[in-house]
Structure formats: C-alpha cells, structure tokens
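Notes follow once the structure below has been shown.
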Amino acid sequence: MPSAHIGELAALGTATCWAISSIAFARAGRRIGSLALNLLRLGFALAFSVVLGLVARGLPLPTDASAEQWAWLAVSGLVGFVLGDLCLFRAFVLLGPRIALLIMATAPPIAALLGWLALGEALNLTAALGMALTVAGIVWVLATRPAAAGPEGQVPRDRSFRTGVWLALGGALGQAGGLVLSKHGMAGYDPFAATQVRILAGIAGFALIYTAIGFWPRFRAALRDRVALRLAAGGACLGPFLGVSLSLLAVQHSETGVAASIMATTPLLVIPLAAYIDHERLRWHDLAGSVLAIVGVALLFLR
C-alpha cells in the first residue's frame, strides 16, 4: 500500500464498508426501527473493538488515551453518532432517502470549510477540482434516480419538507463536524482505539435519550428479533467499527475535505450492490454520474 495515499485508500475502504453495511442496516431497521438499531449497532461495534484492542494492543478499552483526547473524541462521537445520525434518520422519514442523501452531499464542502477554519487545512486546485467533480457525480446520480414507491413518491407537506431539509443539513454537519473533531482529538492516537472512545460516547448519548423518552421496553423487544440481530451485527462490523475506524485513519493521513469527498461516494457503491442483491435496474445516469465521481476521486489521489 503506497504510504503517500494511505488516507485516500482508507477513505475508499470506508465508503465500501458503509455501502455494504447500509444494506444490512436498512433491512434490520425495517424490522426493529432505526432508533433501536442505533444503540444495537454501537453495542456490537463496541464488542468488536474490545476484541481487536485485546489482540492488537493488549488493551480492551482505550485507557491509554489522554484526558484531552477523551474529551475531543467523546464530543466527536456525540456529534457524529448521536446528533448526526438522529437528524439523518429522521430526514429519511420526512424526505425519503434519495432527497436526504442529496442534501448529505453537502458534507464534503462543509468538512473542507471546517477543516480550513479549525485545522488550517487548505486544498490545492487539483484537490478542489477533484472534490467538486466527486460531489457533482454523486448529486447527478441521486438527483436523477426515480423516487421509491410509497412515502417517498408522495409530495411532502411544506412544513415537513422544510423540517426534513434542516434535519438533513444537520446530518451533514454532524458527519463533517465529527470528522474534524476526531482529527483534532486523535493527534497521532490509534484510529481504532479512537473509534472506541467515539462509540462509548455514542452509547452514552443514546442511553440518555432512551431513558428520557422511555424507550427501553421497545429496545428490549427488539433484542428478541434474531434476524435483525444478525443483520445489525454484520452491519456494525463493517459500519461503526471497521468503516468509522478507516474514516479516522483517512482524516489522520489526508485533508478532511478530501477524505469526506471520497467517503461520500457510498451511495454510488450501493447502486451496483442493490442491482446484484435486489435486482434493481442500472440506468445510464447511474453510470455517467459514477464515472464523473470516479474521475474526481482519481484527481484526489493525484493531487
């Protein structure tokens, strides 16, 4: 693996992991609901990270992190896992996944802006062009895909639509802000151990929400669905465990906006997977937009 591109390769690995895990999570969420799934996936991800910590570092938990690293990474976990995901999943309900993911395509430029303001990161012309082409390819594919049957095919009420737009933007801000906070908090720390801190903060955040809204009985009921448990476990291994760890490795070795742009190709990777698994038809818009995004990603590698 060329060390010069380890950040970009890690970001590409993140997008691949998230694409596969999104299919597992979609199926699990339809069985037990997204709110129950949020805590369940983090619980499985924590279990995987404990095993890896014991094998790789001899530490089941990130007890070697400094107090400052714990603070920044914990805030990152709350912003990304709790605030960002809650906003995004609610936006899915109000807008449908296609429109919500379209708005989520603003995450890379938000990450680049936050990286510049908070970390002093600057993008050269090639990187900026690559990021623009990648985002343009994603937007093209998502904007031209037909609406799904059911709620997404209906015209939402104006108030619900506006609320959904703000929530989707909140999801994009949560994703971008979580990456920037993570990069600042890691400071050379192991990305897999840093992910543990974020997961622990996410679990604590959802536990507080469950307690506040009295959700624990419904969560316990969800634990009886063995099919959903298997799907959540598989998705957690590739999503909040391996995928998020690779995302931290990506921002550790490249600019935040560049890493976020490559990771944002997840919806494009889902399309061929859905075509293979669910026999969805591929359209020329999908191929053209994907090619444009691939050119953008190639420029990010060549910058």
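The values are calculated or read from the model by the stated rules, or taken from the named source; none is laboratory data. Quick caveat: nothing in here was measured; it's all calculated off a predicted structure. So basically every Cβ, Gly included, is an ideal-geometry build from the backbone, and we count neighbours across all protein chains shown. Ligands, DNA and RNA are stripped out before the accessible areas are found, and what is left, the full protein with its side chains, is counted by its heavy atoms. Shrake-Rupley method; radii C 1.70, N 1.55, O 1.52, S 1.80 Å.
Quick look at the numbers
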| read-out | value |
| --- | --- |
| Lone unmet requirement of (1) over 24 Å from T134 (Cβ atoms); (2) among the aliphatic types (A, V, I, L, M); (3) over 15 Å from the mean Cα position of the chain (by Cα) for L83 | (3) |
| Index of the failed condition, Y210 passing every other in (1) within 18 Å of the chain's Cα centre (by Cα); (2) modelled with pLDDT of 95 or more; (3) of a type in the set (S, T, Y) | (1) |
| Out of A228, A232, A298, A288, sole residue that is assigned to a helix (DSSP H, G or I), over 30 Å from A118 (Cα atoms) and open to solvent by 10 Å² or more (accessible area, probe 1.4 Å) | A288 |
| Test: L173 is in contact with a Leu (Cβ under 9 Å, 6 or more places away or on another chain), at pLDDT 95 or above, in a helix (DSSP H, G or I) and open to solvent by 40 Å² or more (accessible area, probe 1.4 Å) | yes |
| Some residue of segment 242-254 being among the hydroxyl-bearing types (S, T, Y), under 20 Å from M104 (Cβ atoms), in contact (Cβ under 8 Å) with a residue 40 or more places away in the chain and surrounded by fewer than 24 Cβ atoms within 10 Å (Cβ to Cβ) | no |
| Candidates L83, L54, L40, L78 - the one that is assigned to a helix (DSSP H, G or I), among the hydrophobic types (A, V, I, L, M, F, W, C) and open to solvent by less than 60 Å² (accessible area, probe 1.4 Å) | L40 |
| Which listed residue, of L200, L223, is open to solvent by 40 Å² or more (accessible area, probe 1.4 Å), closer than 21 Å to S21 by Cα, under 22 Å from the mean Cα position of the chain (by Cα) and of a type outside the set (F, W, Y) | L200 |
| Subset of segment 97-120 that is at pLDDT below 90 and in a helix (DSSP H, G or I) - its residue that is least open to solvent (accessible area, probe 1.4 Å) | A100 |
| Pairs where the first residue, in segment 7-26, is open to solvent by 40 Å² or more (accessible area, probe 1.4 Å) and the second is of a type in the set (A, V, I, L, M) and modelled with pLDDT of 90 or more, C-beta under 8 Å, 6+ apart | L12/I262; L12/V297; W18/L238; W18/M263; I20/L238 |
